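The values are calculated or read from the model by the stated rules, or taken from the named source; none is laboratory data. The structure displayed is predicted, hence computed values, not measured ones. Neighbour counts are summed over all protein chains in view; Cβ atoms, including those assigned to glycine, are modelled from backbone coordinates with ideal geometry.
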Amino acid sequence: MTRIPWWRNAVVYEIYVRSFADADGDGEGDLQGIRSRLGHLRDLGVDALWLTPFYRSPLADGGYDVADYRDVDPRFGTLDDFDALVADVHAHGLRLIVDIVPNHSSDRHPWFQEALAAPPGSPERARYIFRPGRPGERPGEEEPPNDWPSAFGGPAWTRVDDGADGAGGGEWYLHLYAREQPDFNWRNPEVHREFEDILRFWLDRGVDGFRIDVAAGLFKDESFCDLAGRDRRVSNGPIYSRPEVHEVYRRWRQILDGYDGDRMAIGEVWTDGPEDLALYLRPDELHQVFQFDLQLAPWSASAFRDVIDAAMKAVAPTGAAPTWVLSSHDSIRHLTRYEHPAGIPGTERARAKAALLLLLSLPGSAYLYQGEELGLPEVTDLPDEARQDPIFERTGGELAGRDGCRVPLPWSGEAEPFGFSPGGVRPWLPMPPEWAPMTVEAQASDPSSMLSWYREALALRRRLADDLPEDLEWLDSPGGTLYFRRGPLTCALNCGDNPVRLPSGTPLLTSIPLYGDLLPGNTAAWLRTP
Ligand code: NOJ
């Protein structure tokens, strides 16, 4: 039998490090906190963990602004803590993926500080993207070099402060995200060497893979032409998915393949078409890319079917396995997205339970986001002064930003900090008092809890895994439902509000008890089919 690499059908659990578990009592999660909670992840039944950035950082964008790629931020621990975590993760039979952020650094990174202190045209500035501005409408005025927007609002360029000595030279630097996140210049071989070395640094410490942040963004069109009304994410446009980026991942793949033990890389690639996505998945490039389609789809059987078909079709020519995700640290939690438009209470929970069966029965790998196993909703009423996502500030509060899905996890007890931090410590984001019944402790021994549901579904997926083909076959599906089969497993999802007849098979797991052979609305079932 051919050996299937672990990541092809893994269930990967995303840990937003700052919000998972706080061992040292500073109100922010840390590596020791993760170590202390590995039992939860083993009992949950996932295969691998993905850690969001824990590197030295001023946290202007939650750690996606890295000041030192080879060290742990003191808030999160030390390199020794990291080594101990890798050993413990492996001892628990889990794998570890870490985030790598190659598109931009922090403005506190020594390279950027050196660039600011050096004159235009210097080798220090050549590690980032500095350009002269354009003349403004009125004499003496200056505008950014082009019309590119920052993903967080406002222009993607900031003018260097010239200071009293005029040392800035009047240049602007590019930042596709916050102004504290200057973009690297990937046309400079020094940047390539640096990142190859960073990859080896973490591979040597035992990581099993990387999640590559903004993977499609590294190269920009050298002409720096205006977007002129085009979508900024358009593939092979001036900003994203330029052909040059693939050489980087070919090289990275060679590095990963030089290590034993199936090391892998998954790219955060936003593309506008399956052809472009497939390029990243060529056999000598990335092992996986995130396919966000399910996360973007509304609660609708036909929408789900369309995105599943499209996602499977997109990866089919490459031979790679698809990836599925419902929530992440960048999106509104799916439990909240699935609220019934007519406000029928409890629907969102029923749908979240059903969605798990859909997610876990699709071929490929599933990425879970911390807290979904507890049925956590988005926190929508955070006070303005607590919000830390740059999106909130940069849009003048027009967009709430992503803090609502980053509220620390409730572990135990009746009140904040719910075991997230040692007693008496205030977590970095306030935790809703209504979370008391949702702690891990409260749910662990309750067979009807969301946590028990996740454990049961994950355990069953694991038991069935070896018998499931890498493809799926659609079955006749009554309106509003999605029925499909993978070998001995049939998944039936009813997105409507009314009961429908189940497909044939012996029920193995249902998200709400069945009425005879009827599948209630907003429910899913797994059935064994001969
Ligand atoms: C994607 C990350 O998931 C997000 O959190 C971050 O803000 C941007 N990339 C920029 O690094």
Going through the range 326-362 one residue at a time, which ones are within 16 Å of the ligand (Cβ to nearest atom) and closer than 22 Å to Arg455 by Cβ? Leu326, Ser327, Ser328, Arg333
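Looking at Gln370, is it among the polar types (S, T, N, Q), touching a strand residue (DSSP E or B) at 6+ places or on another chain (Cβ under 6 Å) and within 16 Å of the ligand (Cβ to nearest atom)?
yes
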When you go through (1) surrounded by 16 or more Cβ atoms within 10 Å (Cβ to Cβ); (2) in contact with a strand residue (DSSP E or B) (Cβ under 9 Å, 6 or more places away or on another chain) one by one for Met312, which number turns out not to apply? (2)
Check on Ala442, touching a strand residue (DSSP E or B) at 6+ places or on another chain (Cβ under 7 Å) and at pLDDT 95 or above: no
Filter the range 514-530 down to residues that are touching a strand residue (DSSP E or B) at 6+ places or on another chain (Cβ under 9 Å) and outside any strand (DSSP E or B) and give me whichever is surrounded by the most Cβ atoms within 10 Å (Cβ to Cβ). Asn522
So, in the range 391-428, how many residues would count as being assigned to a helix (DSSP H, G or I) and either in contact with a Gly (Cβ under 6 Å, 6 or more places away or on another chain) or at pLDDT below 95 (or both)? 4
Identify, by number, the condition in (1) away from the ligand (no atom under 16 Å from the Cβ); (2) surrounded by fewer than 22 Cβ atoms within 10 Å (Cβ to Cβ); (3) of a type in the set (S, T, N, Q); (4) over 19 Å from Tyr454 (Cβ atoms) that Thr395 doesn't meet. (1)
Of the numbered conditions (1) assigned to a helix (DSSP H, G or I); (2) out of contact with any His (no Cβ under 9 Å at 6 or more places or on another chain), Leu49 fails exactly one; give the number of that condition. (1)
Please give the number of the condition Ala320 fails out of (1) free of Cβ contacts under 8 Å to residues at least 60 places away in the same chain; (2) more than 21 Å from the chain's Cα centre (by Cα). (2)
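Starting from residues that are among the charged types (D, E, K, R) and within 30 Å of Arg108 (Cβ to Cβ), keep the ones in the range 38-61 and report whichever is farthest from the ligand (Cβ to nearest atom).
Arg56
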Check Gly93, Gly62 and return the single one that is within 26 Å of Asp389 (Cβ to Cβ) and either out of contact with any strand residue (DSSP E or B) (no Cβ under 9 Å at 6 or more places or on another chain) or modelled with pLDDT under 95 (or both). Gly62
